[in-house]
Amino acid sequence: MAAIRHESILGLDNIRLDLPVASVGSRSLAALLDYLILMALALGWILLIVIAIAPLLPAWVPVFAIVGWFLLEWGYFAGFEIATGGRTVGKMALALRVVTAEGGSPGTGALLSRNLVRSLDLLFGVPLMALDPLSRRLGDRLAGTLVVHDRGREAAPVLGRVPPGWGPRELAAVESFLARARTLEDTAGTWAMADRILDRIRRDAPELLAGVDARRDPVAALRQALQVEEG
Amino acid sequence: MDYARFVRLRRPVWDVFERRLAASRRRRRDEGYEELEEMALRYRQVLHDHALAASRFPGTAAAGRLRSLALEGTRRLTGEGRERRGGLLHFFLRTFPRAFQRQLGVTGLALALFLLASLWGLVLAAARPALGLTILGPQAVQGLAEGRLWTNSLVTTVPPALSSSGIATNNLSVALMAWSGGVLAGLVPLYVILLNGLMLGAIVGVTLHYSMAGELLEFISAHGPLEITLVLVSAAAGLSLGRALVAAGDRPRALAVRDAGREALAVLLGCLPWFVVLALVEVLVSPSPELPVVLKLTVGLALESLFLALALRPVPAEPNP
C-alpha cells in the first residue's frame, strides 16, 4: 500500500500542521462507490414508487420519479456531507473526510458549494486533482476545502528509553518493528531481527541491557530494555 | 531534548487532550466556556508538540499520535462547522438581500446582455421567419398558423402536477448549471444569458409574424417576469464567480474565489424556492383561459415586486466578527 502523503500547512499561530491529503486514487474510488450507491438508491426509489405509489396514486408516479431523481442527483453528496461532517458513504468506506484548507470543519455553505459543481468535476476533476499537490478539484477550490485521510489512531509502542545517538530513523524503525512483531508469523525471523537490534543496543548503550535476559524471548527483552509503553 | 525525555514530559498533556476529545465526541451539546478554554489551551500545547515532533522525530509513534491529535483538535475547534445559525428567516431577510445587493452591478450587466440578445433574436426572427421552424419545430409552427399556441399542450395533454414538477426541476437545473458553470471563467452563465435572451426574442418575433404575440405575452405575463429575473440573478451569481477567478485583484486567487463562492451561493439559495412557486403559477395560472389577462399580469407583477422588495430591502451592514 502506498504511503499517505502529508502536506504541511500553517495552522493556528503559524504552527506547522501536517495534513494527510487524500490523493486522486482514493478519492476517485470513494466517488465510484458513491455513484454506485446513488444508482442503487435511484433503483430503490423507482421500485418503491412502482410498489407503493403506483397502485394508490398512478397519476403521481412520474412526479415522484422526476422530483426523486432531482433530489438524489443534487442532494446525495451535499446531504451526506452536511449530515456527517464531511463524509459520504464512499468516503466513510475509504476513511476520508472533507476539511477546510486549514484543517478545520467545513460549514454548510462550503459543503454545498463543493457539491454544486460536481457535474463539471466529472469532466475536469481528475486531471485537476492529479496536477495539484493538495489534490483539489474545482469544487474544493471554490469552497476552500480539502479531502484528508481520517483513520482512527491505534495505540502503538512508544520507547521510554533511547540509546544515545539514535536518530528518528532508528527510533521509527524500532517502534514500527515492535508494533508489527505481535502479528508476524515467522517467529524465527522476528527473533533474529530483535537480536540484531539488541546487538546494536549492546554496542551503543550496554547499560540499557543490565538485568535483561535476552536468551528466552528477544522481543520481550527489547521491550524491557527500551521500557516500551503502549500509547 | 531526546525522544524519551520528550515523551515522558509531554505525554500527560497529550493524554488529557485525548480524553477531552473523546468526551467531546460522546457529548451532544456544545462545550461550556471553561471546558472550551481548557481544550483550546491543551490544543495549542499539542499543536506545538506536533510541530516539534514532526521536525525532530518524524516517523515515530509519538509524532504519529500527535499528528492524529492535532488533526482532530483542529477539526473540532476551528473551521466553520459551528458558524452562527440564524435560521431560514435570518437567511432570507438578511443574508440573501445583502449578497444580492452586493452583486447588483453584475446583475445589471447580465440584464443588459440578455436584452441585447433578445433584441438580436427579435431582429433575426423578423428578418428570417423560417427561423421559427428551427426553434419551435413544425408542429408548433403549424399550431401558430392555425391560431393556437404550443403552450396549450402544457395543461391539455399533461397532468398539472407532472408539468409543474418537470418545469420546476428543469428551471432549477438551468439555474444550478448557470451558477456552477461560473467556475469555468463565467463562460456557462454567459451562454445561459445569451441563449435565453436570443430564444425569447426569436420566439416573440415568430409569434409576431403569425399575429400571436399578444397570446404569448398573455401566457408569460404571470410567470415570465420573475422566471427571467431568477435565471438572470442565478447566472449573474455565476458570473461573479467567474470574475473572481479571472480578475482576483490584489488578493490571492484562492481566497477571492472562495469568498465570491460564498456570496454567490447565498444569492442562488435565495432564488431556488421561487422556482417552485413559479412552476405552480406556470401550470395553474398562465395557461388558464378562464383567468383574465389583468389578473395574470397582476400575479406576475406581484411576484416580481415581492421578490425584488425582499432582495432590495435595506439591510444593516454585517457586524465585524
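Could we say that residue A:93 is over 20 Å from residue B:269 (Cβ atoms), touching a strand residue (DSSP E or B) at 6+ places or on another chain (Cβ under 6 Å), touching a residue at least 60 places away in the same chain (Cβ under 8 Å) and more than 8 Å from chain B (Cβ to nearest Cβ) here? I'd like the intermediate steps shown before the answer.
Values: over 20 Å from residue B:269 (Cβ atoms): yes; touching a strand residue (DSSP E or B) at 6+ places or on another chain (Cβ under 6 Å): no; touching a residue at least 60 places away in the same chain (Cβ under 8 Å): yes; more than 8 Å from chain B (Cβ to nearest Cβ): yes.
Judged against the criteria, residue A:93 is not a match.
For the stretch A:128-231, please list each of the helices (runs of 4 or more DSSP H) lying entirely inside it that holds at least 1 residues being within 30 Å of residue B:255 (Cα to Cα).
The qualifying helices (runs of 4 or more DSSP H) are A:138-143.
Return the only residue of A:13, A:34 being acidic (Asp, Glu) and either crowded, with 16+ Cβ neighbours inside 10 Å or within 18 Å of residue A:77 (Cα to Cα) (or both).
Sole residue among the options that is acidic (Asp, Glu) and either crowded, with 16+ Cβ neighbours inside 10 Å or within 18 Å of residue A:77 (Cα to Cα) (or both): A:34.
Among B:178, B:117, B:125, B:185, which is within 14 Å of chain A (Cβ to nearest Cβ), in contact (Cβ under 8 Å) with a residue 60 or more places away in the chain, buried (at least 17 other Cβ atoms within 10 Å of the Cβ) and touching a Gly at 6+ places or on another chain (Cβ under 8 Å)?
Step by step, each of B:178, B:117, B:125, B:185 is checked, and only B:178 is within 14 Å of chain A (Cβ to nearest Cβ), in contact (Cβ under 8 Å) with a residue 60 or more places away in the chain, buried (at least 17 other Cβ atoms within 10 Å of the Cβ) and touching a Gly at 6+ places or on another chain (Cβ under 8 Å).
Identify, from the list B:233, B:285, B:246, B:299, the residue that is of a type in the set (A, V, I, L, M) and closer than 23 Å to residue B:98 by Cα.
Details: B:285 fails: closer than 23 Å to residue B:98 by Cα; B:246 fails: closer than 23 Å to residue B:98 by Cα; B:299 fails: closer than 23 Å to residue B:98 by Cα.
Just one listed residue meets the conditions, B:233.
Might you check whether a residue that is among the β-branched types (Val, Ile, Thr), more than 31 Å from the chain's Cα centre (by Cα) and surrounded by fewer than 21 Cβ atoms within 10 Å (Cβ to Cβ) occurs anywhere in the stretch B:11-18?
First, pick out the residues of the stretch B:11-18 that are among the β-branched types (Val, Ile, Thr): B:13, B:16.
Pick out the ones that are also more than 31 Å from the chain's Cα centre (by Cα) and you get B:13, B:16.
Still in the running and surrounded by fewer than 21 Cβ atoms within 10 Å (Cβ to Cβ): B:13, B:16.
Yes: the stretch B:11-18 contains one or more residues that are among the β-branched types (Val, Ile, Thr), more than 31 Å from the chain's Cα centre (by Cα) and surrounded by fewer than 21 Cβ atoms within 10 Å (Cβ to Cβ).
Return the residues of the stretch B:21-44 that are within 11 Å of another protein chain (Cβ to nearest Cβ) and either touching a His at 6+ places or on another chain (Cβ under 9 Å) or under 23 Å from residue B:3 (Cα atoms) (or both); say none if nothing qualifies.
Across the stretch B:21-44, the qualifying residues are B:43, B:44.
Residues that are among the aromatic types (Phe, Trp, Tyr): find the helices (runs of 4 or more DSSP H) completely inside the stretch B:89-207 holding 1 or more of those.
In the stretch B:89-207, the matching helices (runs of 4 or more DSSP H) lie at B:96-102, B:104-127, B:160-180.
Please state which one of B:47, B:122 is modelled with pLDDT under 95 and under 30 Å from residue A:7 (Cβ atoms).
Details: B:122 fails: under 30 Å from residue A:7 (Cβ atoms).
Exactly one of B:47, B:122 is modelled with pLDDT under 95 and under 30 Å from residue A:7 (Cβ atoms), namely B:47.
I need a count of the residues in the stretch A:153-169 that are facing another protein chain (nearest Cβ under 8 Å) and exposed (fewer than 13 other Cβ atoms within 10 Å of the Cβ).
Total meeting the criteria: 2.
Per-residue answers, yes or no, for (1) small (Gly, Ala, Ser); (2) within 21 Å of the chain's Cα centre (by Cα); (3) closer than 29 Å to residue B:263 by Cα; (4) at pLDDT 95 or above:
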residue: A:54; (1), (2), (3), (4): yes, no, no, no
residue: A:66; (1), (2), (3), (4): no, no, no, no
residue: A:71; (1), (2), (3), (4): no, no, yes, no
residue: A:77; (1), (2), (3), (4): no, yes, yes, yes
residue: A:91; (1), (2), (3), (4): no, yes, yes, yes
residue: A:102; (1), (2), (3), (4): no, yes, yes, no
residue: A:106; (1), (2), (3), (4): no, yes, yes, no
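Keeping to the stretch A:92-118, report how many residues are under 16 Å from residue A:32 (Cβ atoms), small (Gly, Ala, Ser) and part of a helix (DSSP H, G or I).
Of the residues in that region, 1 qualify.
If the requirement is being touching a residue at least 60 places away in the same chain (Cβ under 8 Å), within 24 Å of the chain's Cα centre (by Cα) and at the interface with chain B (Cβ under 8 Å from one of its Cβ atoms), which of these qualifies: A:126, A:148? Break it down stepwise before answering.
Working: A:126 fails: at the interface with chain B (Cβ under 8 Å from one of its Cβ atoms).
None of the others qualify; the one that does is A:148.
Kindly evaluate residue A:141 against the criterion of being without any contact (Cβ under 8 Å) to a residue 24 or more places away in the chain, closer than 18 Å to residue A:95 by Cβ and under 21 Å from the mean Cα position of the chain (by Cα).
Spelling it out, it is not the case that residue A:141 is without any contact (Cβ under 8 Å) to a residue 24 or more places away in the chain, closer than 18 Å to residue A:95 by Cβ and under 21 Å from the mean Cα position of the chain (by Cα).
Given the residues B:47, B:52, B:71, which is the only one that is surrounded by 16 or more Cβ atoms within 10 Å (Cβ to Cβ), out of contact with any helix residue (DSSP H, G or I) (no Cβ under 7 Å at 6 or more places or on another chain) and at the interface with chain A (Cβ under 7 Å from one of its Cβ atoms)?
On inspection, the qualifying residue turns out to be B:71.
Enumerate the pairs (first residue in the stretch A:160-188 and over 14 Å from residue A:223 (Cα atoms); second residue anywhere and of a type in the set (S, T, N, Q) and crowded, with 18+ Cβ neighbours inside 10 Å) with beta-carbon separation below 9 Å, excluding pairs fewer than 6 apart on the same chain, so at least 6 apart or on different chains.
Matching pairs, first to second residue: A:168/B:60; A:172/B:60; A:184/A:190.
Here's the yes/no breakdown for (1) within 9 Å of chain B (Cβ to nearest Cβ); (2) surrounded by 16 or more Cβ atoms within 10 Å (Cβ to Cβ); (3) farther than 30 Å from residue A:224 by Cα:
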{"residue": "A:59", "(1), (2), (3)": "yes, no, yes"}
{"residue": "A:73", "(1), (2), (3)": "yes, yes, yes"}
{"residue": "A:84", "(1), (2), (3)": "no, no, yes"}
{"residue": "A:140", "(1), (2), (3)": "no, yes, yes"}
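Would you mind telling me which numbered condition in (1) free of Cβ contacts under 8 Å to residues at least 60 places away in the same chain; (2) surrounded by 20 or more Cβ atoms within 10 Å (Cβ to Cβ) residue B:99 fails?
In the conditions (1) free of Cβ contacts under 8 Å to residues at least 60 places away in the same chain; (2) surrounded by 20 or more Cβ atoms within 10 Å (Cβ to Cβ), residue B:99 misses (1) alone.
From A:67, A:89, which residue is within 26 Å of residue B:165 (Cβ to Cβ), touching a helix residue (DSSP H, G or I) at 6+ places or on another chain (Cβ under 6 Å) and either of a type outside the set (Ser, Thr, Tyr) or buried (at least 20 other Cβ atoms within 10 Å of the Cβ) (or both)? Talk me through it step by step, then tell me what you get.
Values: A:89 fails: within 26 Å of residue B:165 (Cβ to Cβ).
Testing whether each residue is within 26 Å of residue B:165 (Cβ to Cβ), touching a helix residue (DSSP H, G or I) at 6+ places or on another chain (Cβ under 6 Å) and either of a type outside the set (Ser, Thr, Tyr) or buried (at least 20 other Cβ atoms within 10 Å of the Cβ) (or both) leaves just A:67.
Report, by residue number, each residue of the stretch A:212-227 that is touching a helix residue (DSSP H, G or I) at 6+ places or on another chain (Cβ under 9 Å) and charged (D, E, K, R).
A:213, A:215, A:217, A:223
Inside the stretch B:168-203, can you point out the residues that are of a type in the set (Val, Ile, Thr) and in contact with a helix residue (DSSP H, G or I) (Cβ under 6 Å, 6 or more places away or on another chain)? Working first, answer last.
Within the stretch B:168-203, the subset of a type in the set (Val, Ile, Thr) is B:169, B:174, B:183, B:188, B:192-193, B:203.
Listed by number, the residues that qualify are B:169, B:183, B:188, B:192, B:193.
Name the residue, out of B:93, B:77, that is under 26 Å from residue A:82 (Cβ atoms) and more than 13 Å from chain A (Cβ to nearest Cβ).
Details: B:77 fails: more than 13 Å from chain A (Cβ to nearest Cβ).
None of the others qualify; the one that does is B:93.
State whether one or more residues within the stretch B:261-278 are more than 23 Å from the chain's Cα centre (by Cα), free of Cβ contacts under 8 Å to residues at least 60 places away in the same chain and either within 14 Å of chain A (Cβ to nearest Cβ) or exposed (fewer than 14 other Cβ atoms within 10 Å of the Cβ) (or both).
The answer is no; no qualifying residue exists.
The values are calculated or read from the model by the stated rules, or taken from the named source; none is laboratory data. Source: prediction; values computed, not measured. Please note: Cβ atoms are built from the backbone with ideal geometry, for glycine as well, and neighbour counts cover all protein chains shown.
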